[in-house]
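Here the structure is laid out as structure tokens; the discussion comes afterwards.
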Amino acid sequence: MRVGELAARTGVSVRSLRYYEEQHLLSAERSPSGQRHYDDGAVERVRLIQELYTAGLSSSTIADLIPCVEDGRATPALLTRLTAEREQIDKRLTDLQAARDRLGTVITAATRNMRTGTSCRPPSPDAP
């Protein structure tokens, strides 16, 4: 498939796909005229790349990880690195959960104040 079709099937911009190639995350065959052509497996690979980027992994970490995902090979150093990445994701999840809980508390208080006609804001120090 051509780059535009891969972009359409994955929801990823053509520019991002070109970037993935530059970072050695994705490869394409070239036609005699220089057009990129991807095999059907590229769709799943792009989805994996997107998931890993969303999880906060860098392109270099993703490049190291992809062979492990594709054929199950990994070095002890890579496993250590991936474990550290997972721990960072766990920390971000914990932080996000705490922020979500705090926001829930604020929403509850704001809802209660709306019913009583009071404001969430403290009075201005300049108020009489």
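The values are calculated or read from the model by the stated rules, or taken from the named source; none is laboratory data. Keep in mind it's a predicted model, so treat the numbers as computed, not measured. Glycine also receives a Cβ, built like all others from the backbone with ideal geometry; neighbour counts cover every protein chain displayed.
Miscellaneous remarks
- Number of the condition not met by Glu44 [criteria: (1) under 30 Å from Glu5 (Cα atoms); (2) in contact (Cβ under 8 Å) with a residue 24 or more places away in the chain]: (2)
- Lone qualifier among Ile89, Ile66 - being out of contact with any helix residue (DSSP H, G or I) (no Cβ under 6 Å at 6 or more places or on another chain), touching a residue at least 40 places away in the same chain (Cβ under 8 Å), assigned to a helix (DSSP H, G or I) and more than 30 Å from Thr118 (Cα to Cα): Ile66
- Taking the listed residues Arg112, Arg86, Arg100, the one that is modelled with pLDDT of 75 or more and closer than 30 Å to Tyr19 by Cα is Arg86, with no other qualifying.
- Single match in Val14, Val46 (criterion: more than 21 Å from Cys68 (Cβ to Cβ) and in contact with a helix residue (DSSP H, G or I) (Cβ under 8 Å, 6 or more places away or on another chain)): Val14
- Residues (part of a loop (DSSP other than H, G, I, E, B) and either more than 18 Å from Thr10 (Cα to Cα) or acidic (Asp, Glu) (or both)) located in segment 25-43: Ser31, Pro32, Ser33, Gly34, Gln35, Asp39, Asp40
- Summed over segment 46-90, the residues that are of a type in the set (Val, Ile, Thr) and either outside the structural domain of Arg2 (by TED's automatic domain parsing) or loosely packed, with under 11 Cβ neighbours inside 10 Å (or both) give a count of 5.
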